[in-house]
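Quick notes on the structure that follows.
Throughout, read-outs are computed from the coordinates displayed, never taken from laboratory work. Keep in mind that this is a model prediction, so the values were computed, not measured. Cβ placement follows ideal geometry from the backbone for every residue including glycine, while neighbour counts extend to all protein chains displayed.
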Amino acid sequence: MSLLFIVTATIAIVSALAVVLFRKPIYSILSLIICLYALGANYILMHAEFLAIVHLIVYAGAIMVLFLFVVMLMNLNHEGPVFRHRFTQLISVIIGSSLAMVIIAAISKTQSMGMPTSSVSTAQIGTVLFTDYLLPFELSTILFLASVVGVVITGKETR
Amino acid sequence: MGSLNAYLALSAVLFSIGAVGVLIRRNAIVVLMCIEIMLNAGILALVAGGIAHGQVATQVMVLFVMMVAAAEASVGLAIITTVFRRHPEVDVDSYSTIKW
């Protein structure tokens, strides 16, 4: 395991914990952006450069800005308790850690594979996307149209 | 760079953190963000597995997953802002009254 993987994985885990533990939603959003950048660095370490760039543009560039706009414009800070009841917290942490332990134990039983050292070129991805997966690609535009119409209808001011 | 199992273990840890966040947080926006963390953990496992097996089609599938995630986030935020306009509260428990 290389040093770069350990550094980026640690940054991703710590910032994901910060998303859960920060009391103000704006800090959670900013640490989620750090987490997404660390994941993008992981994609570059795996030699998936195209996916890393798409990940940064779509997630850190579009979705997170959407979250930031909603929190900043709507003033969604609320005064009540941030976390749930103590007992629920205890149960949730037990459930989450046992889930992680079970998955990691299952992974450690399997035989590990090394990652390839050469990357798949963007031209190859584009060829596959526009030949084998052309119909799903066209259908995704319908999905986007539906979501845009849904957002406009849902967000419209009704009196 | 790490082996496949290291990436899968990182994905498992991130997924569990997101699941714990969904269970313990009250703010609806933060719950949506924890769901995004879980989704990203799934994407990481998919990318790592596909690249270790040398499949080009995996990267196309991840592209589709990201498209669906973008649509999901926009619709979820629109629903949250609409409900927030009706009664100004972001606690997910207070949304239990909208089923009537």
So how long is each side of the protein assembly as shown along the principal axes, counting just the alpha-carbon atoms, biggest first, in Å? 57, 43, 28
I want to verify a result. In a Gaussian network model of chain A, Cα cutoff 10 Å, which of these has the top mean-square fluctuation: A:Ile95, A:Ile44, A:Ile53? A:Ile95
Residues A:Ser97, A:Ser108, A:Ser147, B:Ser16 in order from fewest to most other beta-carbon atoms within 10 Å are A:Ser108, A:Ser97, A:Ser147, B:Ser16
Rounded, prolate or oblate for segment B:4-97? Axes are the square roots of the Cα gyration tensor eigenvalues, ordered a ≥ b ≥ c, and the cut-off for rounded is a/c under 1.5. oblate
Once both label points are put 7 Å beyond Cα along the C-beta direction, the B:Val56-A:Arg86 separation in nm becomes 5.9
Taking the Cβ-Cβ separation of A:Leu68 and A:Phe130 as r and a Förster radius of 35 Å, what is the calculated FRET efficiency to the nearest 0.05? 0.55
Within segment A:136-159, list the residues whose amide N lies under 16 Å from a label point set 7 Å along Cα→Cβ of B:Phe64. A:136-144
Dipole magnitude of the protein assembly as shown about its Cα centre (Cβ charges: Lys, Arg +1; Asp, Glu -1), debye to nearest 20: 680
State, to one decimal in nm, how far the label point of A:Glu138 lies from the label point of A:Ala123, with both points 7 Å from Cα in the Cβ direction. 2.6
Could you tell me which residue out of B:Ala45, B:Ala78, B:Asn5 lies farthest along the dipole of the protein assembly as shown toward its positive end? Charges go on the beta carbon: Lys and Arg +1, Asp and Glu -1, centred on the Cα centre. B:Ala78
How far is it, in nm, from the label point at A:Ala106 to the one at A:Val93 when both lie 7 Å from their Cα along the line to the Cβ? 2.5
